[in-house]
1. Accessible area of the chain with a 1.4 Å probe: how many percent of it is carbon plus sulfur?
2. Using a 1.4 Å probe, what is the accessible area per residue for the chain, in Å²?
3. Subtract the Cα-Cα distance of residue 53 and residue 99 from 0.36 nm times their separation in residues, and report this length gain in nm to one decimal.
4. Set the bar at 19 Å for Cα to Cα. Now go through 89/114; 7/67; 91/114 and name every pair that lies beyond it.
5. Convert each backbone phi in the range 119-131 into a coupling constant with the Karplus relation 6.51 cos²θ - 1.76 cosθ + 1.60 (shift: θ = phi - 60°), then list the ³J(HN,Hα) values in order as whole Hz, x for Gly and Pro.
6. Run the simple label-point estimate for residue 106 and residue 87 please: 7 Å along Cα→C-beta, distance reported in nm.
7. What dipole magnitude, in Debye to the nearest 20, does the range 3-44 give about its Cα centre under +1 on Lys/Arg Cβ and -1 on Asp/Glu Cβ?
8. Among 116, 21, 137, flag the residue with its Cα farthest along the positive direction of the charge dipole of the range 10-140, charges on Cβ as +1 for Lys/Arg and -1 for Asp/Glu.
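The values are calculated or read from the model by the stated rules, or taken from the named source; none is laboratory data. Since this is a predicted model, take the numbers as computed values, not measurements. Quick reminder, even Gly has a Cβ in these numbers, built from the backbone with ideal geometry, and neighbours come from all protein chains shown. Note: accessible area is taken over every heavy atom of the protein model, side chains too, but ligands, DNA and RNA are not part of it. Shrake-Rupley method; radii C 1.70, N 1.55, O 1.52, S 1.80 Å.
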Amino acid sequence: MKPDWDKLGEEYAASSSVVIGDADCTESGEALCTQFEVRGYPTIKYFVDGDTKGQDYSGGRDYASLKKFVEDKLEVKCDVKNPTECTDKEKKYITKMGAKTSAERVAQIERLNKMAGDKMKADLKQWLHQRLHILRSLEA
């Protein structure tokens, strides 16, 4: 399962709405695993719409099954040309960054790309990727 999980993580690394992560419950992730009541390994949890407890995933463990679940249940697409599926926060950011020059947007993309590898809370990392998605779409 690990190779398929890693492949999924690579595919969604730049996603504006999906964060794929893992924790080693025997080492640095022990507190996290305790917090989310992980008792068996591997355990897959997913979080939707501000859910702070997470839900257990019980689908297939192969790449195709994992990807289909993400596409069907978790992935949110925000299109800057038709923002009906965007959150209010994304819409505000689209308006704000749409008023900037291309050079200013490119500078923001560079700044956020540098931050993308930093450790941060999942919600902040998700917002970072959402902003990158919006900026790249505005520059396309």
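1. 51
2. Computed with neighbouring chains in place, this is 67 Å² per residue.
3. 12.8 nm
4. Among 89/114; 7/67; 91/114, the Cα-Cα distance tops 19 Å for 89/114; 91/114.
5. 7, 7, 4, 4, 5, 5, 5, 4, 5, 4, 5, 5, 5
6. Calculated label separation equals 3.0 nm.
7. In debye, rounded to 20, the range 3-44 gives about 140.
8. Going by the Cα projections, it comes out as 137.
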